[in-house]
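The values are calculated or read from the model by the stated rules, or taken from the named source; none is laboratory data. This one's a predicted model, so the numbers in the text were calculated from it and none came from an experiment. Using ideal geometry, Cβ is built from the backbone for each residue, glycine included, and neighbour counts are taken over all protein chains shown. The accessibility values were calculated without ligands, DNA or RNA, using every heavy atom of the protein model including side chains. Shrake-Rupley method; radii C 1.70, N 1.55, O 1.52, S 1.80 Å.
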Amino acid sequence: MNVIVCLKQVPGTAQVKIDPETNTLIREGIENVINPFDTYALEEGVRLKERFGGKVTAMSMGPPQAEGALREAVSLGADEAILLSDKAFAGADTWATAYTLASAVNKLGQYDIIICGRQTLDGDTGQVGPELSEMLEVPFVAYVSRIEEIADGQMRVQRMVEEGHEVIEAPLPTVITVVKEINVPRLPSLRGIVKSKSAVIPVWTVPDLGVDQSRVGLAGSFTKVIKVFFPQRVCQGEIFQGELGNQVECLMGKLKDAGLV
Ligand SMILES: Cc1cc2nc3c(=O)[nH]c(=O)nc-3n(C[C@H](O)[C@H](O)[C@H](O)COP(=O)(O)OP(=O)(O)OC[C@H]3O[C@@H](n4cnc5c(N)ncnc54)[C@H](O)[C@@H]3O)c2cc1C
């Protein structure tokens, strides 16, 4: 079973700064962590390896410091890790991100299942998983909460929907996104930590992937973040005192003054 886990390194703090020129997050010099949903994706990948044999490859597109997230992934059970990093990848929207990841998957060759997290803490769009499956022209299942069975090139999973669960069958290879109900991520083992220290993590750049440079990063992004701002908190609350009837009258008066009723 060849499992690829896509994981993103995200700011581990809310104290983030925005690059005024590109309107993208400044990721250097702040505490970064593996995107929380991706820790469930990684754990599920390792459990599939334990159930069916094979290997887990962790893959991330990000700045050089994203290597830290991949080294952590090795300490948590990934066999191999690959960093897709090139100045040209910076500022990518989800489409450009998915294109870059798809190019790396095609370069890797044979795989059975790609596991992504439901969404990231920063971009939070949940778009990369489905876009990746579209670009690889393989099936996609979102919000997987249990992998019931994998046999004869088919997998059967449970996915969360508002009313409960659906059971879906799909042929391999397939891309899935997972929810946090799927498992409880393990802590790194001593053996894993030792292995992660010496792990060789190749860095693939534009030439390594042979990608069309106009389709990656800011250049390849259909959507551009044109402004990022933190809404000003304006506390203008007012507490009405006295009898309920009086309070309602006051409120209605305010609403009328404001032209809201
Ligand atoms: C505040 C903010 C707002 C943004 N808004 C938009 C927007 O509206 N539209 C848009 O197109 N882009 C947007 N972006 C850019 C977007 O964050 C990046 O394109 C990002 O690489 C992928 O989108 P996401 O973070 O929403 O990922 P999601 O689609 O939420 O991620 C789902 C899963 O895909 C995998 N994945 C995602 N990114 C990577 C990666 N770099 N490496 C490996 N695996 C990955 C992970 O498994 C992850 O759990 C925004 C970025 C920020 C910081």
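Evaluated with a Cβ-only charge set (Lys, Arg +1; Asp, Glu -1), the stretch 21-124 carries a dipole of roughly 340 debye about its Cα centre, given to the nearest 20. Helices in the chain, meaning DSSP H runs of at least 4 residues, each add -39500 (n - 2.57). Divided by all residues, the mean residue ellipticity at 222 nm is -9000 deg cm²/dmol.
Relative to 2.2 N^0.38 Å, what does the C-alpha radius of gyration of the stretch 117-162 come to as a ratio? Two decimals please.
Details: Rg = 12.2 Å, N = 46, 2.2 N^0.38 = 9.4 Å.
Relative to the 2.2 N^0.38 Å estimate, the stretch 117-162 comes out at 1.30.
Comparing Arg156, Arg118, Arg71 in a Gaussian network model of the chain where C-alpha atoms under 10 Å apart are linked, the largest mean-square fluctuation is found at Arg156.
The C-alpha atoms of the chain define a longest principal axis, and helix 94-108 lies at about 10 degrees to it.
Close amide H contacts of Val33 (hydrogens built in the peptide plane, cut-off under 5 Å, sequence separation of 5 or more or a different chain): Val10, Gly12.
For the chain, the residue among Ala258, Gly192, Ser60 whose Cα projects farthest onto the positive side of the dipole built from Cβ charges is Gly192.
Once you have the Kirkwood Rh of the chain from its Cα pairs, apply Stokes-Einstein at 20 °C and 1.002 mPa s and quote D in µm²/s.
Numbers: Rh = 20.3 Å.
Approximately 106 µm²/s, per Stokes-Einstein.
Within the shell defined by Cβ-Cβ distances under 14 Å, the residues around Gly220 carry a net charge of -1, with Lys and Arg each +1 and Asp and Glu each -1. Taking every DSSP beta bridge that has both ends in the stretch 2-215, the antiparallel portion is near 45%. Backbone geometry of the stretch 123-137 corresponds, through the Karplus equation with coefficients 6.51, -1.76 and 1.60 at θ = phi - 60°, to 3J(HN,Hα) couplings of x, 6, 8, x, 8, 5, x, x, 5, 4, 5, 4, 5, 8, 6 Hz, x marking Gly and Pro.
Quote the charge dipole size of the stretch 197-261 about the Cα centre in Debye, to the nearest 20; the model charges only the Cβ of Lys and Arg (+1) and of Asp and Glu (-1). Kindly include the intermediate steps, with their values, before the conclusion.
Values: 7 positive and 6 negative charges, 70 e Å.
In debye, rounded to 20, the stretch 197-261 gives about 340.
Near Ala88, once Lys and Arg are set to +1 and Asp and Glu to -1 for all other residues with Cβ below 15 Å from its Cβ, the sum equals -2.
Here the accessible area of the stretch 2-215 is 52 percent carbon and sulfur, with a 1.4 angstrom probe and all protein chains present. For a straight C-alpha distance cut-off of 23 angstrom, the lysines reachable from Lys107 (same-chain residues fewer than eight places away being disregarded) are Lys8, Lys49, Lys55, Lys87.
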